[in-house]
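Take a look at the structure set out below.
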Amino acid sequence: MPPTRATARRRTPPRLAAALTATALLAAAGCGGEEEPPPRAAPGPVTVAVAGDVHFAGASAAAAEPGGLDAIAGVLGDADVTVVNLETAITDRGTPAAKQYVFRAPARALGALRAAGVDVAGLANNHALDYGRQGLTDTLAAGREQGLPLIGAGEDAAAAFQPFTTTVRGHRLAVLDATQVLDTSLAGAWTATDDQPGLAAVRDDAGRERLLGAVRAARAGADSVVVLLHWGKELEECPSPAQRDLAGALVAAGADAVVGSHAHRLLGGGWLAAGGRRGYVDYGLGNFVFYAKKGVTTATGVLRLTLPGGGGVGEARWSPARIRGGVPVPLEGADAEEALAAKDALRPCTDLEGAARP
């Protein structure tokens, strides 16, 4: 098996349940509430895989069919928790937004993602409401029906900024999702507020502070925190000053990893020290299930992070792939080595470190 490719295996999705409280444990043992709960065992490491932008338009419609994602399923399944950015509405209703590109897909597309090993999908991006609030309502309902948790959107801001949480081998993981990218003419209608459904948006100071607050709150109850962000400028290979600033603020607030999408091409990744903490940042994972046909827009892959639970990321591994016929196909041999070198070559303009923490 070449070292550039993740080991293919199927796995059972993680149990999405909170641990019993100390009080409940004592009650189950027939003890009174006066006794001290036993000390919590140290969490084991957890692996999180993240992939980029997913829609099911054009050639990528094939991915919604049975077996459509078999080529990449082994890589997606080689992690405890796998996350993608879902850049489409899941609906057959609603009115298309007044914008150049609008995407929607059938509910079975979520089932296809789940069957391929995806455990949670982020909606905070500039296509989740392409078919209005009706489309968003249908998307959230489809997630529940298909058993695929969706984050980054909700009936109000509190719901939109609510993290996905799970516990794997005693390791408490939280994943949050937000977007800096929305069409200016639609941003007001698409942004979740205290009394409006929509997306977790960080286009202004209020949204930024809400996200940072959500990360701090998640950090207080989790062993590891991962943040997905839709940000940057399309086809730009280097992060903007605004992206770098937000990445540093998120790591300082408690994020162990910050992973981005939107540019429709790969950007660099590496370790970042901020606020006395050290996290891993990848500014852009590119397209994933997408109708891209040539050039940098077809370069893709899966980022696999190992989170030890004591803070930060222990290992980051890139499994390169290429979009062919709308779906990602893993690369092997010389093609994989070339793709890995190309991804590493994107790091210098990020000011991120390439070496893991000792």
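The values are calculated or read from the model by the stated rules, or taken from the named source; none is laboratory data. Only a predicted model underlies this, so the values are computations on that prediction, with no experimental measurement involved. Note that we place each Cβ from the backbone using ideal geometry, even for glycine, and neighbour counts take in every protein chain shown.
Put simply, of D256, D282, D223 the only residue that is more than 21 Å from A124 (Cα to Cα), touching a residue at least 40 places away in the same chain (Cβ under 8 Å), of a type in the set (D, E, K, R) and surrounded by 18 or more Cβ atoms within 10 Å (Cβ to Cβ) is D223.
Would you check if A178 is crowded, with 22+ Cβ neighbours inside 10 Å and under 18 Å from R219 (Cβ atoms)? So A178 fits the description; yes. Return a yes/no flag: does region 118-140 have any residue that is over 17 Å from A63 (Cα atoms), of a type in the set (D, E, K, R) and touching an Asp or Glu at 6+ places or on another chain (Cβ under 6 Å). So far as region 118-140 goes, no, none of its residues is over 17 Å from A63 (Cα atoms), of a type in the set (D, E, K, R) and touching an Asp or Glu at 6+ places or on another chain (Cβ under 6 Å).
So that you can scan it fast, the table gives a plain yes or no per residue for (1) in contact with a strand residue (DSSP E or B) (Cβ under 8 Å, 6 or more places away or on another chain); (2) part of a helix (DSSP H, G or I); (3) surrounded by 19 or more Cβ atoms within 10 Å (Cβ to Cβ):
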{"residue": "G44", "(1), (2), (3)": "yes, no, no"}
{"residue": "G52", "(1), (2), (3)": "yes, no, yes"}
{"residue": "S60", "(1), (2), (3)": "yes, yes, yes"}
{"residue": "A71", "(1), (2), (3)": "yes, yes, no"}
{"residue": "A79", "(1), (2), (3)": "yes, no, yes"}
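In a strand (DSSP E or B), more than 30 Å from R104 (Cα to Cα) and of a type in the set (A, V, I, L, M), is that true of L340? Judged against the criteria, L340 is not a match.
For (1) in contact with a strand residue (DSSP E or B) (Cβ under 6 Å, 6 or more places away or on another chain); (2) not charged (D, E, K, R), each residue gets a yes or a no:
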residue: K233; (1), (2): no, no
residue: E236; (1), (2): no, no
residue: H264; (1), (2): yes, yes
residue: A292; (1), (2): yes, yes
residue: G295; (1), (2): no, yes
residue: L305; (1), (2): yes, yes
residue: G312; (1), (2): yes, yes
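Set side by side, the residues A263, A316 differ, and just one is touching a residue at least 12 places away in the same chain (Cβ under 8 Å), in a strand (DSSP E or B), touching an Asp or Glu at 6+ places or on another chain (Cβ under 8 Å) and within 21 Å of N85 (Cα to Cα), which is A316.
In summary, T137 fulfils each of the numbered conditions (1) β-branched (V, I, T); (2) closer than 30 Å to A42 by Cβ; (3) surrounded by fewer than 24 Cβ atoms within 10 Å (Cβ to Cβ) with the single exception of condition (2).
Matching residues to (1) touching a helix residue (DSSP H, G or I) at 6+ places or on another chain (Cβ under 8 Å); (2) over 18 Å from D223 (Cα atoms); (3) surrounded by fewer than 17 Cβ atoms within 10 Å (Cβ to Cβ):
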| position | (1), (2), (3) |
| --- | --- |
| G268 | yes, yes, no |
| G276 | yes, no, yes |
| G295 | no, yes, yes |
| P308 | no, no, no |
| V313 | no, no, no |
| A339 | no, yes, no |
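If you go through region 97-112 and keep only what is among the aliphatic types (A, V, I, L, M) and either within 19 Å of the chain's Cα centre (by Cα) or crowded, with 22+ Cβ neighbours inside 10 Å (or both), you end up with A105, A109, L110, A112. Restricting attention to region 226-246, the residues that are closer than 15 Å to W271 by Cα, in contact with a helix residue (DSSP H, G or I) (Cβ under 9 Å, 6 or more places away or on another chain) and aliphatic (A, V, I, L, M) add up to 2. Restricting the first member to region 337-358 and to residues that are over 19 Å from G279 (Cβ atoms) and among the small types (G, A, S), and the second to residues that are at pLDDT 95 or above and assigned to a loop (DSSP other than H, G, I, E, B), the beta-carbon pairs closer than 7 Å and six or more apart or on different chains are A339/L331.
Checked against the criterion of being at pLDDT 95 or above, within 20 Å of A64 (Cβ to Cβ) and aliphatic (A, V, I, L, M), region 336-354 contains not a single residue that satisfies it.
Could we say that V84 is among the β-branched types (V, I, T), modelled with pLDDT of 95 or more and in a strand (DSSP E or B) here? So V84 fits the description; yes.
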